[in-house]
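For reference, the structure discussed in these notes is given below.
The values are calculated or read from the model by the stated rules, or taken from the named source; none is laboratory data. Quick caveat, the model's predicted, so the values are computed rather than measured. Note that each Cβ is placed from the backbone with ideal geometry, even for glycine, and that neighbours are counted across all protein chains shown.
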Amino acid sequence: MIRLEPIEPRHAPALAEAIEASVTELSQWLGPRYTPRTAGAVMAFIQDWQNGAAGGTQYGFAVIDEAGRCVGFGLINQINAFHRFANLGYWVRTGETGKGVATDITRQVATFGFDTLKLERLELVIEVVNVASQRVAEKAGALREGLLRRRLAGRDGPARDAYMYSIVSPN
């Protein structure tokens, strides 16, 4: 059982520890913006998400397990208020993968997006070679809509292809 908490400075030590425990795996998919590694960078990351939430442009969540450990991060960003859609993303602490945590994060973030933000559509843009995240999207009820060529900026090279998945509001 996990819970999502809006990211706050009090999460900094646990978030930093979760990132450090998972940085090798996270670095395959995420750039440094989502994997801050110094105390100052973690606090700046948290402040950025808090500022975004205050402005209604992005929402970040610390994912906390029953023991009070940070086991991941969930987010909604790239919000298009006019058309009522946004991007949904997440990452899971390496030691917690394969336990349904990512699917639970996805479902909880989607519920927030639909119930609180009144969005109609959430998009998950997943690198073609990230089969594990594709499975998570499908388990969470997302539908694969198509291939987006050269959609994700290259970390150290050319842009990469991705699949577009979506979850739409049940209402």
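Here are the numbers for the structure shown:
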quantity	calculated
Selected residue [among the β-branched types (Val, Ile, Thr), at pLDDT 95 or above and assigned to a helix (DSSP H, G or I)] from Ile79, Ile19, Ile46, Ile64	Ile46
Selection count, region 94-142, where residues are touching a residue at least 12 places away in the same chain (Cβ under 8 Å) and part of a helix (DSSP H, G or I)	23
Region 82-93, residues that are assigned to a strand (DSSP E or B) and under 14 Å from Asp65 (Cβ atoms)	Val92
Within region 75-103, tally of residues that are under 19 Å from Ala162 (Cβ atoms) and not hydrophobic (A, V, I, L, M, F, W, C)	6
Of all residues in region 143-163 being of a type outside the set (Lys, Arg) and outside any strand (DSSP E or B), the one that is surrounded by the fewest Cβ atoms within 10 Å (Cβ to Cβ)	Asp156
Yes/no for Gly157 being out of contact with any strand residue (DSSP E or B) (no Cβ under 7 Å at 6 or more places or on another chain), at pLDDT below 95 and closer than 23 Å to Glu5 by Cβ	no
Residue list for region 1-28, restricted to those being more than 15 Å from Val63 (Cα to Cα) and out of contact with any helix residue (DSSP H, G or I) (no Cβ under 8 Å at 6 or more places or on another chain)	Glu20, Val23, Ser27, Gln28
Residue that is nearest to Trp91 (Cα to Cα) [pool: residues in region 126-142 that are among the aliphatic types (A, V, I, L, M) and surrounded by fewer than 16 Cβ atoms within 10 Å (Cβ to Cβ)]	Ala132
Any hit, region 69-83, residues being out of contact with any strand residue (DSSP E or B) (no Cβ under 7 Å at 6 or more places or on another chain), within 19 Å of Val125 (Cα to Cα) and without any contact (Cβ under 8 Å) to a residue 60 or more places away in the chain	yes
Candidate set from region 22-43 (those that are exposed (fewer than 15 other Cβ atoms within 10 Å of the Cβ) and not in a helix (DSSP H, G or I)); member that is modelled with the lowest pLDDT	Gly31
Test: residue in region 84-93 that is loosely packed, with under 15 Cβ neighbours inside 10 Å and of a type outside the set (Asp, Glu)	no
Single unsatisfied condition, Val71 versus (1) assigned to a strand (DSSP E or B); (2) over 20 Å from Arg10 (Cβ atoms)	(2)
Region 72-100: number of residues that are within 12 Å of the chain's Cα centre (by Cα), closer than 24 Å to Thr24 by Cβ and β-branched (Val, Ile, Thr)	1
